[in-house]
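The values are calculated or read from the model by the stated rules, or taken from the named source; none is laboratory data. Note that this is a predicted model, so its numbers are computed, not measured. Cβ: placed from backbone, ideal geometry, glycine included. Neighbour counts: every protein chain shown. Remember, those area values only see protein heavy atoms, side chains included, never the ligands or the DNA or RNA. Shrake-Rupley method; radii C 1.70, N 1.55, O 1.52, S 1.80 Å.
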Amino acid sequence: MRAGDRIFQNLTTGAGIFVVALIALIGIFLVIQAIPALKADKVNFLFNHGWSTNDPKNMAFGIADLAEVTVATSLVALVIAMPISLGIALFLTQYAPPKLARPFAYIVDLLAAVPSIIFGLWGILVFAPAIEPFSQWVNSTFSWIPIFAPGNIAPNVRGTIFTAGIVLAVMILPIITSLTREVFERTPTAQVEGALALGATRWEVIRTTVLPFGKAGFVGASMLGLGRALGETIALAVILLIPQGRNFDWSLFDGGATFASKIAQNYSEFNNPTSAGAYIAAGLVLFVLTFLVNFAARSIVGKKGE
């Protein structure tokens with residue numbers, strides 16, 4: 001092996017080891033910092049819905065509500081973003097002429113560069129008032145369905161999971177669309193041309209060739225988008241209203257806080273190590289959850305060799 005190849009191999013190996021070590025050190029730091037707070041916690045950390053950390057000597061905090069709100073907002077975003085991203089990716093790769101597809105793809109990708117605070121302000125000041133009549137109609141018409149029942153911040157229908165989920169869907173659209181588009185573009189040309197030569201329509205080509213080839217990539221991209229949604233902070237902190245007296249009850253018109261937004265909103269308590277440890281413990285759960293989601297995404301893509 002040449003000296004240059006050996007140096008390059010060592011550098012890339014070292015970079016990989018550094019990243020793994022860095023992730024491990026972050027996890028170890030979170031565990032060490034969280035242990036004192038978990039020992040001082042007077043309730044079950046995993047299943048309690050309350051959060052009281054103002055008094056370091058009498059703390060009672062649990063992540064049940066935080067976990068449920070985090071999962072609910074992320075799932076709403078994913079359910080909305082996945083079909084739209086799939087449609088955009090198919091349009092750009094199968095239908096749009098190159099002169100239109102290229103600039104349109106750039107515009108979609110640029111959405112990823114918009115700061116979270118901009119999305120949050122747009123969501124609560126522009127989008128929420130505009131969608132309020134529709135939200136009220138859904139809430140009143142389908143209130144017999146538990147997920148559309150009046151929430152814990154009723155009659156307010158602006159700062160809810162419904163609104164936050166839609167805004168979050170816009171935020172993860174670029175990630176899912178970009179990765180899905182890249183996968184669809186790598187569909188073997190011979191298969192596409194063969195299907196067309198046999199008389200298949202464009203939709204039949206998509207259904208029998210493009211979608212089967214890119215299915216794993218699309219699912220993997222969606223999982224990566226879910227990982228992004230789980231960790232969103234500022235936009236959700238701006239949009240979601242904190243309920244008083246009622247826990248999260250799996251209604252889209254509930255308010256609440258996610259792991260990340262809860263930590264961001266209560267940074268003033270970080271002056272006490274024990275109180276800060278409670279938020280670090282919540283951050284540890286989010287760290288593990290995000291890691292598992294991204295690991296699942298890589299596994300799904302890896303099985304198909306994408």
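Rundown of residues vs (1) in contact with a helix residue (DSSP H, G or I) (Cβ under 7 Å, 6 or more places away or on another chain); (2) touching a residue at least 24 places away in the same chain (Cβ under 8 Å); (3) closer than 30 Å to PRO155 by Cβ; (4) aromatic (Phe, Trp, Tyr), yes/no style:
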| position | (1), (2), (3), (4) |
| --- | --- |
| ALA237 | yes, yes, yes, no |
| PHE248 | yes, yes, yes, yes |
| ASP254 | yes, yes, yes, no |
| PHE259 | yes, yes, yes, yes |
| ALA264 | yes, yes, yes, no |
| PHE270 | yes, no, no, yes |
| TYR279 | yes, yes, no, yes |
| VAL285 | yes, yes, no, no |
| LEU289 | yes, yes, no, no |
I need every pair where a residue in region 166-195 that is more than 17 Å from ALA89 (Cα to Cα) has its Cβ under 7 Å from the Cβ of a residue that is open to solvent by 30 Å² or more (accessible area, probe 1.4 Å) and modelled with pLDDT of 90 or more, sequence separation at least 6 or different chains. ILE166/ILE80; VAL167/PHE127
Filtered residues of region 93-135 (kept if modelled with pLDDT of 90 or more, of a type in the set (Phe, Trp, Tyr) and surrounded by 14 or more Cβ atoms within 10 Å (Cβ to Cβ)): PHE119, TRP122, PHE127
Which fully enclosed helices (runs of 4 or more DSSP H) of region 219-306 have 2 or more residues being open to solvent by less than 30 Å² (accessible area, probe 1.4 Å), under 18 Å from SER116 (Cα atoms) and of a type outside the set (Ser, Thr, Tyr)? 234-239, 259-265
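Every residue, every condition in (1) farther than 15 Å from GLY283 by Cβ; (2) polar (S, T, N, Q); (3) open to solvent by 40 Å² or more (accessible area, probe 1.4 Å); (4) in contact (Cβ under 8 Å) with a residue 60 or more places away in the chain, yes or no:
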| site | (1), (2), (3), (4) |
| --- | --- |
| ALA3 | yes, no, yes, no |
| GLY14 | yes, no, no, no |
| VAL20 | yes, no, yes, no |
| LYS39 | yes, no, yes, no |
| LYS42 | yes, no, yes, no |
| GLY50 | yes, no, no, no |
| ASP65 | yes, no, no, yes |
| ALA77 | yes, no, no, yes |
